[in-house]
Every structure is written in structure tokens, then in C-alpha cells.
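Down below is the structure, laid out as C-alpha cells.
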Amino acid sequence: MKKYNILIVIAAIILFAGVCTLMAANNNNQTISNFIAEIAGKASAAEKNKVNTVSGKSGWYYFVPELRSLSCGRFWGAESKKVSRVTQKEYADPLPAIMDFKKQLDKAKVELIVVPVPAKCTIYPDSISNLKLVSNGKVVRTDIYQQEFMNLLKSKGIKVIDLVPAFLSKRSGSLGNLYCKQDTHWSGQGCVAAANVIGAEINKYAWSKSVKKRKYSKSTKSVSVKGDMMGSIGKGAKPESLQLTFVKELNSSKAASGIEWRQSPVLLLGDSHNLIFHSGGDMQAQGAGLADNLAAVIGYPVDIVAVRGSGATPARLNLMRRNDNLAGKKLVVWCFSVREFTEGQGWRNVPIVK
């Protein structure tokens, strides 16, 4: 009888735990739905007012196309033509173009890793919404459609790096936020966090271990940055102070951005997230971007094909113009903003490998 009673108690505990888990999941699902509806409303209102920024709390600003992209639902397959902003709807669906690129790389015996850059409000939802999205330091993950698409890519044999878990765990670092408050890009510390995740994956390849290593030094400095959304914010906006981690090759005065290696086995492809803090000029700084910090992690520089703008078709067109069939390459890291899925210039097939 005692054994029977114990089994009943255990079963009750398991049932109670299951009910609590289900209730928590339902609550999270409702919160996510409410959040998506909220940012969709804010994006729509901003577009009606012909502005491209939405103000959040404590000096945070959000790019309207990014909010819209995050809130418009599924963006592939039949739904792509309904939600994409591309003019020629035959190029709305990102899946065929990504699959075609993978097929070409397979032909050239080059690996592909797709790295979508998370939306700012995915990592800092509490800075744009009053919904209960953070509890005991744990953030409710709201990018449900982006997750679904990444899982679809994985199911089709494409390697994807999901940066969101690592970013959520580091969103309150001692050196500052992972995103600029007044700019559409990640911050210097976002570059460092992404480089650590991507670099760890590259270091797993046997061919990468055999590449002759170089030694780098790193130094973190405070830099005043005028973000690319300041023009929309107003006259009262002040430059943002960021902690940038600069990388230099030892025994060299050149920053890592000054020694991009065309012959590198690793090609970094995509949009301006690969250029910010790396290439100088309107990209704010030189030697403190993703490519620089990635070189420090893997021990050698990467080759770069990146554009200011769309990292989907225009970046691959630039790669096509090289006309080298990716000679010497072992890996392409395709890194671009998640808003590219719906807000860019479309997803064409580009013949890169002949």
C-alpha cells in the first residue's frame, strides 16, 4: 500500500510540473504574440508619419524596417510575396537563392555558414516594450519566425549559427551593450561576441588548424560615435560613447583591417555589419570590427566581400565579379541582418562558381 501511495504522489508531482510548464509556455506564447503586435503597430505608425526610427527607453532607438521585418510573419514560401518589400516579387523568397548558393559552394568544395545578425529588439525587447519580457535575468525570445527559418535551413543541410542565445547571455556586459543605441548596427562589443561564436566554429575545422597562425594584441578604447540614426532623432541627440576592441598584429603597426588577406581560406560575405568599426570612414572606426576580432580568435585574417546596404544579392554580385570560382577558399561565412529577409533588394540566384 505504501509503495502504491508513493507512486501516486510521484505521478501527481510529475503532472503538476507538466501543467506548470504548459502554463508557462502558453504565457510566453501570448507575450510573444503581444510583443510582435506591438512592434508591428509601432512600425506601421512610424511609416505613416514617414519616419524611419522608433524611440525606446533610456536613449534606445530602433530602425523601422527591422521592426517591420521581425513582425511580418513567415517570409519564405508562399508568404514571401505578401510580406517582402522587394519590387520584383519573383525574388521575394530567400530560400531558393540560399539553396542555390549552397549548391554552388558544394561544387567548389567550399563550406557555407549562414549567420543572421539578430534584431536589436530581439536582444533588448525591454527597451522598447513594457511587456514582461525579462524575468530573473532571462529574456523571452521573440524572434519566432527567424528561428523557424533557421531550423528550416538546418533541415536542408545548411549550417547556421544562431547568435541569439550567446547574445542574450551577454547583453549586459561590463563593456557595454551589444548594439548601438543610435545606430542600426551592433556595437563594438557585439562584434567581439559574434567573433567569439563564429571563430569557435571555424576553429573546429581541421584545415583551419593547419593554417599558419599570426599573433594579435587587443586593446579596448572608448570612442565617440555618431550613429546612422542621429539624423532622424533630432538636434538634441549627442554622440554615443562605445567601448571598441581594437586588434593589431604583433610586430606590426597595422590594424587587422589593414591586413585583409585575399588568399585567406575564410571569406566573410554580407552587409555593413562586416564593415562597421572595421573599414573606417563612415563605418566609424578601423580595426575593431567583426573581421578584426575574428582574426584574433582564429589566428589569421579573413577575406572580405561586404557592401554598405544589402548583404543578399549585391554582396554575391560583388563576389561574382571576382570571377575566381572561390579559388583557395574553404569556408564562406555569410553574415547579414535579419531584416534582409524582407526589407532588402531581393534574393536572386547569382552564378558565382562556373
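The values are calculated or read from the model by the stated rules, or taken from the named source; none is laboratory data. Source: prediction; values computed, not measured. A quick note on method: Cβ atoms are made from the backbone with ideal geometry, for glycine too, and the neighbour counts reach across all protein chains shown. For the accessible areas, the whole protein counts, side chains as well, though only heavy atoms, and no ligand, DNA or RNA atoms are used. Shrake-Rupley method; radii C 1.70, N 1.55, O 1.52, S 1.80 Å.
Compared with the dominant Cα axis of the chain, that is its longest principal axis, helix 188-202 is turned about 90°.
Over the chain, accessible surface divided per residue gives 47 Å², non-protein components excluded, 1.4 Å probe. In a DSSP loop and with at most 16 other Cβ atoms within 10 Å, the trypsin sites (Lys or Arg not before Pro) in region 128-198 are 132, 156. Spin-label model, residue 263 to residue 211: label points 7 Å out along the Cα-to-beta-carbon direction sit 1.3 nm apart.
Could you tally the net charge around residue 102, taking each other residue with its Cβ under 11 Å from the Cβ of residue 102, Lys/Arg +1 and Asp/Glu -1?
Numbers: positive: 103, 107, 156, 159; negative: 100, 106, 111.
Result for the local shell: +1.
For region 216-354, the dipole from Cβ point charges (+1 on Lys and Arg, -1 on Asp and Glu) about the Cα centre works out to 160 debye, to the nearest 20.
Rg and Dmax over the alpha-carbon atoms of the chain stand at 21.9, 80 Å. Counting only protein heavy atoms and a 1.4 Å probe, tell me what percentage of the chain's accessible area is made up of carbon and sulfur. Using a 1.4 Å probe with all protein chains present, the chain comes out at 53 percent carbon and sulfur. Ignoring aspartates and glutamates fewer than eight residues from residue 89 along the same chain, the ones with Cα atoms less than 20 angstrom from its Cα are 66, 79, 100, 340, 343. The length gained by stretching the chain between residue 109 and residue 30 to full extension, at 0.36 nm per residue less their Cα-Cα distance, is 24.0 nm. In the structure displayed, which of 170/218; 82/154; 81/138; 107/218; 109/221 lie more than 30 Å apart, Cα to Cα? Listed pairs above 30 Å: 81/138; 107/218; 109/221.
Over the heavy atoms of residue 81, what accessible area does a 1.4 Å probe trace out, to the nearest 10 Å²? The value for residue 81 is about 120 Å².
Beta bridges assigned by DSSP with both partners in the chain are antiparallel in approximately 50 percent of cases. Centre-to-centre separation between the Cα atoms of region 223-292 and those of region 103-152: 22 Å.
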